[in-house]
Amino acid sequence: MVDMAEGAAGDCGASGPDFLWGIEGGCWLITTEDSTYRIDLDAMTIDRFRFPDPSSAPTDNGPTRPLREIVECRVGKLGYWLLNPEGPDIETVEYYWQRSSTVVRIEPVPAQPADRPE
């Protein structure tokens with residue numbers, strides 16, 4: 001059973017929710033101690049930015065990856081999500097997992113940043 005109690009994405013205040021379940025839909029900016037992730041729950045994709053401003057130059061950032069599931073995304077905890085394999089890995093790998101540093105902020109964002117080219 002999903003507990004959508006206070007702090008959940010459906011009840012976020014000006015500072016954003018305290019956690020995401022992965023069923024909320026929309027796009028979210030997840031700021032951790034050393035990276036920023038943009039998670040699109042409608043497209044089920046994740047982008048990682050190795051600096052705090054995702055609208056800055058995109059060098060040294062990972063490619064957009066297919067998101068399978070958010071396991072843990074809660075302010076004050078390590079982030080943990082599963083990624084679907086791509087390319088030749090599809091036949092031999094069920095999924096990849098990724099952990100982040102401690103999540104410090106979760107906030108909703110537009111579906112495609114206006115100042116970042118596609």
For all pairs of alpha-carbon atoms in the stretch 24-109, what percent lies in each bin of width 10 Å, listed from the first bin to the last filled one?
18, 51, 27, 4
Hey, quick one: spin label on Val104, modelled 7 Å out along Cα-Cβ, who in the stretch 32-47 has an amide N within reach, i.e. under 13 Å?
32-37
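Every number in this text was worked out from the coordinates using simple rules, so none of it is lab data. None of the values given here were measured: they were computed from a predicted structure. Cβ: placed from backbone, ideal geometry, glycine included. Neighbour counts: every protein chain shown.
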